[in-house]
Each structure stands twice: as structure tokens, then as C-alpha cells.
């Protein structure tokens, strides 16, 4: 009997050690993030997430190499190709790069709800050890803390709101609404409802509770910056407006009809594309003084801010331009190299 007891104790010890080793290996393979950190800015994510900065590096989708994933230094001198994957909605956080893998083979699809991508991918900062977190069509991803929030698509339910942990576990549906998760602050998601009135609401991502913040007009693309929520007013000729985080004090910032915008991280400069059919142009506004300058006449989109520069593309995506944040002159063409 004592011998049997010793065997049982030995088995239990071995089992405990095995579990500890497995947990340790899993932790070492998946390095988790600090809470309340996002992998890109709301303004960049609204514009497609083609540029994302982490420390002294800018990770970007190289339009000259069919959207392949590249990295460069802040000065735009030292370039490296990380992956041939056509990357969009790039998030860089902690030890990993997250992106939607666009499917080049499906780009000629004519289906109205056909998504030209094949899921959410994760790789390390060197472009190695690629892991598929989600292997079906999706859009608008935001990596916040240790979770990836995204629009999930299937033929039965259409677009719904999902999350998955950064190690690929705990995939779950958060809402049946097609919520666009671009603006998260202090674990609170700010979004426009997609019902009869696109009011601005908030969702506590810890418990799923929601709150309507502003319902006076139809809104689109709420972008959180500092203490404000900036948005495009669908019901008021696509003007750019803003409210406080609690939904109070609405004010019009841009009187012109606009199609997209972005805000510098410190909240000083607003970049926006005017689409009034008469004098289309991309502009910069100093939000402290109200001064407005036209950068270029014409049609532009995909306004991104990373490092010390603002990047934007022509409407046909044949060229990308850049200039220093706050500058009104010295616009240059962004010509990254193409590597094999």
C-alpha cells in the first residue's frame, strides 16, 4: 500500500510539472500586451490602416509592391520587406504585427458583398512565424490590449462584431451589429450605430454594456482624439463635426462636404478631403487657430499619419504623397523601393 501511495504521488508530481511546462511554453510563444494599448490610431484605421508606427519604425503596405508588408525608419531611408502578403488594416503592438491578408486571387470578384481577403494574420516584427488568427473574410481590425476586434462576415449573418485573443483563442461574437471598431480608449469603444439613425454610442468592452452618447444626427466614422470625438455628419452635408467624449457640446469644424479625414496625434492638425464636386481638394486645418490651407487640388484619400509625416494617396492609388506634419509646402512623392 505505501508503494502504491508513492506511485500515485509521483504521478501527480509529474502531471503538475507537465502542466507547468506547457503553460510556460505557451506563455513564451505568445507574448501578451499591456492593457489599454492599441496597435494603430483611430484616424489611420479609418483610412485603411496602411501605415502604423511602433517606436522608431513605420510598418506599411507598399503600394508599389502590390501592397506587400514593409518596414522603414522614421526618416524613410532604411527599408525592409517583411512579407509578400498584401496587407491592410495594419496594427503593430508589442512583439507582433497584425494585418488583414488581402487575397490577390479574388481581387476581380464582382460580388457586392465579396471580401477580397482571407483573414487576420499575425507575424513577429521581423516578418517571421506567421500565425493565422482568423481564416475567413473580415474587415476593420483593431488590436487593443490582448484582443483583436473586427468585423466578421459570413453568408448567414452578414457583417457582425467579433473579437479573438492575440493567440487565436477565445473567438466570440460581441454584437450582431456591424460595428466598426476603429476608436477604443480606456477599453471603451466609440462607434456609430448602423440602424435607422447612426447615433454615436459607446460600449464597455469589459462587460458589453452600451450607452448612446449623441443622437441628434446621422454620423459616420467617429474618430477619438484626446477629449473629442470627430465624425462626418451624414445628415448635414458630410461636414466634419466633433463632440466631447460624453456626447456634449457638438460643434462644426469643417463646413465643406468631406469624404475622409485624419488628426495628428497631439490633436493640433486636421487633414481632410473636400468633395463638393466644384472644388475638390485636400486641406490642413490648425485646430488651435482655425487657419486652413489647401495642400493639393483634386481627389485624394487614405490619409495616414505616422512618424513625422502625413501620407495620402491619389484617388486611383497610383501615387502616394507625403509632407511633414503641420507643413503646407514641400509635398513629395513617396517612392519606397521594391524588394524580392
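The values are calculated or read from the model by the stated rules, or taken from the named source; none is laboratory data. Quick caveat: nothing in here was measured; it's all calculated off a predicted structure. All Cβ positions, glycine included, derive from the backbone under ideal geometry; neighbour counts span all protein chains shown.
Residues checked against (1) modelled with pLDDT under 95; (2) under 17 Å from the mean Cα position of the chain (by Cα):
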residue	(1), (2)
102	yes, yes
107	yes, no
123	no, yes
127	yes, no
130	yes, no
134	yes, yes
Condition broken by residue 330, with the remaining ones in (1) at negative phi; (2) in a loop (DSSP other than H, G, I, E, B); (3) free of Cβ contacts under 8 Å to residues at least 40 places away in the same chain satisfied: (1)
Test: residue in the stretch 262-284 that is at pLDDT 95 or above, part of a strand (DSSP E or B) and touching a helix residue (DSSP H, G or I) at 6+ places or on another chain (Cβ under 8 Å): yes
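Just to check your reading of the model, which residue among 323, 296 is within 22 Å of residue 45 (Cβ to Cβ), out of contact with any helix residue (DSSP H, G or I) (no Cβ under 9 Å at 6 or more places or on another chain) and part of a strand (DSSP E or B)? Spell out the reasoning first.
On the way: 296 fails: within 22 Å of residue 45 (Cβ to Cβ).
Going through 323, 296 in turn, just one is within 22 Å of residue 45 (Cβ to Cβ), out of contact with any helix residue (DSSP H, G or I) (no Cβ under 9 Å at 6 or more places or on another chain) and part of a strand (DSSP E or B): 323.
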Hits in the stretch 136-155 (condition: outside any strand (DSSP E or B) and either at pLDDT 90 or above or under 22 Å from residue 36 (Cβ atoms) (or both)): 145, 146
Options 313, 259: the member that is over 29 Å from residue 77 (Cβ atoms), in contact (Cβ under 8 Å) with a residue 40 or more places away in the chain, part of a strand (DSSP E or B) and out of contact with any helix residue (DSSP H, G or I) (no Cβ under 6 Å at 6 or more places or on another chain): 259
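Given the residues 238, 191, 214, which is the only one that is touching a strand residue (DSSP E or B) at 6+ places or on another chain (Cβ under 8 Å), surrounded by 14 or more Cβ atoms within 10 Å (Cβ to Cβ), over 25 Å from residue 304 (Cβ atoms) and in contact (Cβ under 8 Å) with a residue 12 or more places away in the chain? Give the steps one after another, and end with the answer.
Numbers: 238 fails: over 25 Å from residue 304 (Cβ atoms); 191 fails: over 25 Å from residue 304 (Cβ atoms).
That would be 214, the only listed residue that is touching a strand residue (DSSP E or B) at 6+ places or on another chain (Cβ under 8 Å), surrounded by 14 or more Cβ atoms within 10 Å (Cβ to Cβ), over 25 Å from residue 304 (Cβ atoms) and in contact (Cβ under 8 Å) with a residue 12 or more places away in the chain.
Could you identify the single residue in 164, 223 that is in contact with a strand residue (DSSP E or B) (Cβ under 6 Å, 6 or more places away or on another chain), in a strand (DSSP E or B) and in contact (Cβ under 8 Å) with a residue 60 or more places away in the chain? Please lay out each step first, then the result.
Values: 164 fails: in contact (Cβ under 8 Å) with a residue 60 or more places away in the chain.
One residue alone meets the criteria, 223.
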The stretch 287-304, residues that are farther than 14 Å from residue 258 by Cβ and without any contact (Cβ under 8 Å) to a residue 24 or more places away in the chain: 288, 289, 290, 291, 297, 298
The stretch 199-220, residues that are over 19 Å from residue 149 (Cβ atoms) and assigned to a loop (DSSP other than H, G, I, E, B): 199, 215, 216, 217, 218
